[in-house]
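The values are calculated or read from the model by the stated rules, or taken from the named source; none is laboratory data. Treat the numbers as computed from the prediction; the structure is a model and nothing was measured. Quick reminder, even Gly has a Cβ in these numbers, built from the backbone with ideal geometry, and neighbours come from all protein chains shown. Side chains included, ligands, DNA and RNA excluded: accessible areas come from the protein's heavy atoms. Shrake-Rupley method; radii C 1.70, N 1.55, O 1.52, S 1.80 Å.
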Amino acid sequence: MRPFRLLVIGNGISAYGSYLNMVALNVFVYQVTDSALAAGLFMAVRLLTSVAGGVVSGRLVTRFDRKRLMVGADLTQAAVLLILLPLPDHARIPLLYVLAVATGACSTLSQVALRSSVPEIVGADLRAKANGLLVTGRSLAMIAGFASSGLVIAQLGYSTAFALDAITFVISATVLFLLPIRTRAAAAETKEAESGAEAGAEEPGKERWASLALLRAAPLLAVMIAIRAADGLGSSSHNVALPVYSSELDPHHPATFISQFWATWAIGNIVAQQLIGRYTGKAGRSFGERAFAVGSIVMSVAFILVFCELPTVLAVVAALVAGMADGFTEVAYVTRLQAAPDEQRGRLFGLSASFENGGFGLGMVVSSAVLEFSSPLTVVTAFHCIAVVLCAGFLAVLVRRARRTPVPAGPEGRPVTAADVRAAEGGGA
């Protein structure tokens, strides 16, 4: 786990730069163009590239060395940011859309490659703990990035923010390059070496439909990916509704509630990762489909409660629960997909990235329009209830399947117990 902890630090540093730049770039585009349309177009290009990049990333991480892909993605983003630095503001605008494409594609590629690699880096038994460390690192990076963005931009300027982001990507790439980690299964590497010359001759139709065929062969995973897309819809609704709701609570200090909410959410997320780490320990424990569905329901209900004009203490508790459930479902979901064979993992995470980003993008557009004539509570409830309904149906199917599955008989006709399994494996009691 020691090399992986260093990887988490490098990933967290680049995530800090990404969150910092997320604020800096959006504000910069609006300030220079004085156009909300230009700022919206920049965000749309970045998001659409992320959606399209999911499927492409799945193919890339299945065929090529994932460590090199992650290093290349970090260095590409750093290079585009460095090109921006010597240019005057008016000359930066066209290149910013190139940056939007590079950022959307490379961040998705890095995410898909890293998630696909975790079982090979730390071992299958420790993947839940490793995923928790990654989520913790990103949560801390989000707090630091959002909290410092205003100060960095106001005191040091946009160029400094861009340079700082480029440095974080270089640090992340350097850490990845130097770490002695394996990101592919040995069998997959052998297969890649044997079939590398034939990769370009693969039938386009077979390549195009391989991902959909994979989902048809694993319907439970397909439903989980659909639920994550619905979670993306819900997430977009509370992201859009938060500024409106916060302004309604305190028109003179609209940022107060938003800051409290995200700080509390992040604390809950980190607490969840600590609890997950203790639960999984070194015994290889993980979470299945039921835990994922229940966690998603709790998360959505908690987000809805945040907008119910509760007393401050109860609102903080709801935000804390939302953060904990959000962190738990992230780990449960990623860990479950990582149980797939190495040759399938890249496609699964590529599809997942496309569906999650697509759900979030669609939700941003629709929820923004609906907020024009509906209250924040109505919008958040409607969007999050989609995920709740899907999860409830998924749970019903899982329970029904469990009841239909016969319980294998142990000695003397009784059900098999964990002790029987250990005894059969020679582990004793």
Among the listed residues Val317, Val397, Val366, identify the single one that is at pLDDT 85 or above, open to solvent by 40 Å² or more (accessible area, probe 1.4 Å), under 30 Å from Val56 (Cβ atoms) and not basic (Lys, Arg). Val366
Would you say Leu242 is open to solvent by less than 20 Å² (accessible area, probe 1.4 Å) and either acidic (Asp, Glu) or part of a helix (DSSP H, G or I) (or both)? yes
Considering only residues that are open to solvent by less than 30 Å² (accessible area, probe 1.4 Å), under 21 Å from Glu356 (Cα atoms) and over 17 Å from the mean Cα position of the chain (by Cα), which ones fall in segment 22-58? Phe42
Name the residue, out of Thr108, Thr103, that is farther than 28 Å from Phe287 by Cβ and hydroxyl-bearing (Ser, Thr, Tyr). Thr103
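Here is a yes/no grid of residues against (1) touching a strand residue (DSSP E or B) at 6+ places or on another chain (Cβ under 6 Å); (2) more than 25 Å from Ser375 (Cα to Cα); (3) modelled with pLDDT under 85:
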residue	(1), (2), (3)
Ala241	no, no, no
Pro254	no, no, yes
Ile258	no, no, yes
Gly268	no, yes, no
The residue that is modelled with the lowest pLDDT, considering only those in segment 158-184 that are open to solvent by less than 20 Å² (accessible area, probe 1.4 Å) and either touching a strand residue (DSSP E or B) at 6+ places or on another chain (Cβ under 7 Å) or in a loop (DSSP other than H, G, I, E, B) (or both), is Arg184
Scan segment 28-40 residue by residue and report those that are of a type outside the set (Ser, Thr, Tyr), out of contact with any Phe, Trp or Tyr (no Cβ under 8 Å at 6 or more places or on another chain) and part of a helix (DSSP H, G or I). Gln31, Val32, Leu37, Gly40
Looking at Phe349, Phe328, Phe355, which is the one that is open to solvent by 60 Å² or more (accessible area, probe 1.4 Å), in contact (Cβ under 8 Å) with a residue 12 or more places away in the chain and either assigned to a loop (DSSP other than H, G, I, E, B) or hydrophobic (A, V, I, L, M, F, W, C) (or both)? Phe355
Cβ-Cβ below 9 Å, separation at least six or inter-chain, first residue in segment 142-170 and free of Cβ contacts under 8 Å to residues at least 24 places away in the same chain, second of a type in the set (Ser, Thr, Tyr): which pairs? Ala147/Ser259
On the basis of being under 17 Å from the mean Cα position of the chain (by Cα) and among the polar types (S, T, N, Q), does Thr256 make the cut? no
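Residue by residue through segment 293-316, note down the ones that are within 29 Å of Ala396 (Cβ to Cβ) and out of contact with any helix residue (DSSP H, G or I) (no Cβ under 6 Å at 6 or more places or on another chain).
If the condition is that a residue be within 29 Å of Ala396 (Cβ to Cβ) and out of contact with any helix residue (DSSP H, G or I) (no Cβ under 6 Å at 6 or more places or on another chain), then Val294, Val301, Cys308 are the ones that fit.
Residue under question is Ala230, and the condition is that it be within 30 Å of Val152 (Cβ to Cβ) and modelled with pLDDT of 85 or more; does it hold?
On the way: within 30 Å of Val152 (Cβ to Cβ): no; modelled with pLDDT of 85 or more: yes.
Criteria not met by Ala230.
Does Arg138 satisfy the criteria of being closer than 16 Å to Leu337 by Cα and either not in a helix (DSSP H, G or I) or not hydrophobic (A, V, I, L, M, F, W, C) (or both)? Walk me through how you get there before you give the answer.
On the way: closer than 16 Å to Leu337 by Cα: no; either not in a helix (DSSP H, G or I) or not hydrophobic (A, V, I, L, M, F, W, C) (or both): yes.
Considered against the rule, which asks whether it is closer than 16 Å to Leu337 by Cα and either not in a helix (DSSP H, G or I) or not hydrophobic (A, V, I, L, M, F, W, C) (or both), Arg138 comes out as no.
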Return the only residue of Ala73, Ala130, Ala105 being open to solvent by 20 Å² or more (accessible area, probe 1.4 Å) and of a type in the set (A, V, I, L, M, F, W, C). Ala105
Confirm whether Gly427 is surrounded by fewer than 21 Cβ atoms within 10 Å (Cβ to Cβ), of a type outside the set (Phe, Trp, Tyr) and modelled with pLDDT under 90. yes
Exactly one condition in (1) of a type outside the set (Phe, Trp, Tyr); (2) in contact (Cβ under 8 Å) with a residue 60 or more places away in the chain; (3) within 29 Å of Thr49 (Cα to Cα); (4) out of contact with any His (no Cβ under 9 Å at 6 or more places or on another chain) is false for His384; which is it? (4)
